[in-house]
Structure formats: structure tokens, C-alpha cells
Amino acid sequence: MPRPRLGMVLGTGLGPAWCGEESFGLEYGAIPGFPPATVSSHAGRLCLGRVGGAWAWALSGRPHLYEGRTPAEVCMGVRVLAGLGVDTLVLTNAAGALNPAFEAGTLMCVADHINLTGANPLTGPNHEGWGERFPDMSAPYDAGLRALAAEEAARLGVRLESGVYAAVPGPSMETPAETRMLRTLGADAVGMSTVLECIAARHMGLRVLGVSCLTNKNDPDAMAPVRHEAVVAAAATVAGDLAALLAALAPRLARPESTR
């Protein structure tokens with residue numbers, strides 16, 4: 001059985017971005033202790049397949065804090081991937097654009113993040129087998145991986161912005177005042193996932209690449225109602241660009257594989 005060193009987490013409405021030639025799939029409910037994905041736009045499935053010719057694991061869907069999950073449950077999938085041998089992780093999400101220069105329907109490479117969830121997956125006793133008590137977070141998203149993403153996006157003609165992702169607990173959408181605050185803090189996009197997973201992944205020594213699908217634009221001076229269904233639909237429209245980018249990146253991100 002192949003033992004890929006590349007893993008992916010597919011966020012809201014982004015299951016179609018999994019373009020792998022699947023050879024294995026397992027529902028979350030079949031994995032003992034694994035939290036189910038209860039949001040309709042998250043398939044809740046662990047997949048193994050070839051992406052762009054490279055073997056990769058994928059988590060199609062994720063649990064969230066707003067579902068009542070603990071930080072440990074939110075990050076269980078990432079830790080499972082690490083246990084399976086993954087050392088390079090691509091985290092994807094659907095996010096609202098905060099930067100006025102960014103447009104809905106485009107992708108953003110996450111350069112850094114702001115954790116506004118009020119939670120941290122490393123709270124409590126440290127598991128020494130996973131990592132040190134106080135892991136460094138000076139470079140949460142790998143600069144080399146971001147450079148590769150920018151290179152492949154340019155080659156494909158896919159617009160890829162770069163910016164700071166702010167994570168909020170949700171599930172309510174942002175108010176105009178909250179949008180202004182997030183912009184003031186330096187955030188370019190906002191969502192309800194990814195950051196806790198990144199912290200857990202970096203704690204375990206994984207290289208992380210983050211890609212946001214900008215599904216709507218938050219303008220505090222002209223806020224329009226945002227429904228989850230619209231976010232899912234918008235994510236589906238940009239999933240093709242994400243799939244093309246992942247397929248191009250996978251052979252360059254994957255490291256030598258072994259078999260058993």
C-alpha cells in the first residue's frame with residue numbers, strides 16, 4: 001500500500017476539488033473516535049488517491065468549533081494524517097474577502113493567520129511525541145510551498161492572491177463593525193477553520209500550505225446578506241481552479257514514497 005507524504009484538507013463546498021484517482025475511501029463514521037462532519041457541504045470522507053500522478057491523502061470535509069467540537073476534535077484529522085506519514089499538508093477553506101483589492105471567485109494563498117477563535121489545540125498537557133511544549137510559529141505557512149503555488153498558478157493562468165487569514169469561531173457571519181475590526185487588524189480574508197489545524201500541524205513538524213477560496217466580499221459600507229448556501233455555490237465555481245492548482249502542485253509537494 002502506498003504511504004503518501006502529502007495530505008490535503010478540503011473545506012466548505014470544495015469536495016469537487018479532490019481530483020484524485022481514488023483507490024481507497026472511508027467514511028469518518030467508520031473510523032473509531034473520529035468526529036463526523038455534520039455540515040451538508042462537507043462529505044466527511046478520508047480518501048487516498050493519485051493527484052497529478054502523485055499519491056496523496058485527502059480529508060473531504062472537516063469538523064468545526066461551531067458544531068460544538070473541541071479543538072482536539074477539530075484537529076484530529078490533521079493528526080491522523082501525520083500518523084499516516086504525511087509531512088506536507090495543504091489546508092483549503094472557503095473565506096470571505098476583506099481586502100478591497102480581492103475579488104470573490106478567486107484564490108488566496110495564506111501567508112499568515114490571526115487566531116480569533118479563543119481556542120488553541122495545544123491547550124492542556126503537551127504530548128511530547130507530537131512536539132515541544134512551545135512550538136515556534138514565526139513561519140506557520142511554508143515560504144517555499146507558497147512560492148511553488150504562486151509559480152504554478154501563474155503557469156495555469158489562475159489568479160492567486162496572497163494575504164492574512166483571520167479565523168473566527170462562527171457560525172454567525174461578520175457584522176459591518178467586525179469587518180472593519182478585521183481589516184484594521186490586517187486580515188485579508190476571514191473564515192471559520194484552518195488556523196487550529198495549522199497550529200496542530202506545525203506542532204507536529206508538518207510543512208503547511210494554505211489556500212482560501214474567496215466566496216464573497218465583505219464591504220463594511222455596503223454589507224449584503226450572506227447565506228451559507230451562497231457560499232457553497234460560490235466555492236463550487238472556484239473549485240475547478242483549486243483542483244487544477246492542486247493537480248499541478250501535488251507532484252512537486254509530494255516527497256519520495258515508500259510501500260509496505
Gain in span if fully extended, ARG3 to LEU148, counting 0.36 nm per residue against the direct Cα distance: 49.9 nm
Ranking of GLU67, GLU132 by count of other Cβ atoms within 10 Å, fewest first: GLU132, GLU67
Gain in span if fully extended, ASP221 to HIS127, counting 0.36 nm per residue against the direct Cα distance: 29.3 nm
Directionally averaged shadow of the chain, computed from the convex hull of its alpha-carbon atoms, nm²: 13.1
Full-extension gain in nm, THR184 to LEU156, via 0.36 nm per residue minus C-alpha separation: 6.8 nm
Charge dipole magnitude, Cβ of K and R +1, D and E -1 - the chain, Cα centre, debye nearest 20: 480
For region 91-191: rounded, prolate or oblate by the Cα gyration tensor [a/c cutoff 1.5]: oblate
Computed E for ASP136/ALA101 - FRET, C-beta separation, R0 22 angstrom, nearest 0.05: 0.10
Helical segments meeting 27 Å axial Cα length and Kyte-Doolittle 0.0 threshold in the chain (DSSP H): 228-253
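Values quoted throughout were computed directly from the atomic coordinates according to the rules given, and no laboratory measurement underlies them. The model shown is predicted, which means the values in this text are computed figures rather than measured ones. Please note: Cβ atoms are built from the backbone with ideal geometry, for glycine as well, and neighbour counts cover all protein chains shown.
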